Amino acid sequence: EQKSRVSSDTYQRVAERLGIEVAILKAFAAVESNGQPFYDDGRPAILFERHYMARMLEKRGLHLLKNIASQALPNIVNYSPGGYRGGRAEYDRYNQASQLQPQAAIESCSWGLFQIMGAHYERLGFKTPEQLKSAMFRDANTHLDIVGGFIETDSNLLQALRQHDFTTAARIYNGPNYDQHNPPYD
């Protein structure tokens, strides 16, 4: 389906904006994307991160809610990563989290083709987490535009890509455990 494919024009435009070669951007996309921007029901691919949910509730000063939820719903609110169900089942976890605090739930998901954390919504130019979520429902071209904004706002990541230092780029994008390829399931 066209919604799930990034166009050549979008690759060209984003690469030019970043000052990198299209081939570098395509390689980054191949390595860093989960390969599936959308599920067959049209919703963007997500991975709900319960450890983010704990942090996002705390960030909002909802300590009591965080404490109660971490006891009652440890697969939804927890300081340890995990509880993953994979695929569309991640929406079940997201929906439970949304009942606790909708914005924190959006921020606690990695979204779309490049699995960009919702917590980055402001950095990516969105005023609210809901705006980022809405954009992620559009198409894979939008996902590439959004990851382009993410790269653009991290001078170290952008420099690593421009210098073809892919190990550094992977570490910056994925964190210190970038070289661990364990599937995200308990």
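The values are calculated or read from the model by the stated rules, or taken from the named source; none is laboratory data. Just so you know, these numbers come straight off a predicted model, no measurement behind them. Reconstructed Cβ throughout: ideal geometry from the backbone, glycine too, with neighbour counts over all protein chains shown. Only protein heavy atoms, including side chains, enter the accessible area calculation; ligands, DNA and RNA are left aside. Shrake-Rupley method; radii C 1.70, N 1.55, O 1.52, S 1.80 Å.
Annotations for the structure displayed:
- Single residue of Tyr121, Tyr94 found to be touching a strand residue (DSSP E or B) at 6+ places or on another chain (Cβ under 8 Å), modelled with pLDDT of 95 or more and among the hydroxyl-bearing types (Ser, Thr, Tyr): Tyr94
- Pairs with Cβ under 8 Å, 6+ apart, first in the stretch 50-73 and touching a residue at least 60 places away in the same chain (Cβ under 8 Å) and within 16 Å of Cys109 (Cα to Cα), second open to solvent by 40 Å² or more (accessible area, probe 1.4 Å) and assigned to a helix (DSSP H, G or I): Met56/Gln103
- In the stretch 36-49, the residues that are surrounded by fewer than 17 Cβ atoms within 10 Å (Cβ to Cβ) and in contact (Cβ under 8 Å) with a residue 12 or more places away in the chain: Gln36, Tyr39, Asp41, Gly42, Arg43
- Filter result for the condition that a residue is open to solvent by less than 30 Å² (accessible area, probe 1.4 Å) and free of Cβ contacts under 8 Å to residues at least 12 places away in the same chain, over Gly149, Gly175: Gly175
- From the options Leu57, Leu47, Leu62, residue that is touching a Pro at 6+ places or on another chain (Cβ under 7 Å), of a type in the set (A, V, I, L, M) and at negative phi: Leu47
- Top-ranked residue in the stretch 12-35 [being over 27 Å from Arg88 (Cβ atoms) and among the acidic types (Asp, Glu); ranked as surrounded by the most Cβ atoms within 10 Å (Cβ to Cβ)]: Glu21
- Failed item, numbered, when Cys109 is tested on (1) over 10 Å from the mean Cα position of the chain (by Cα); (2) of a type in the set (A, V, I, L, M, F, W, C); (3) more than 19 Å from Val14 (Cα to Cα); (4) buried (at least 24 other Cβ atoms within 10 Å of the Cβ): (1)
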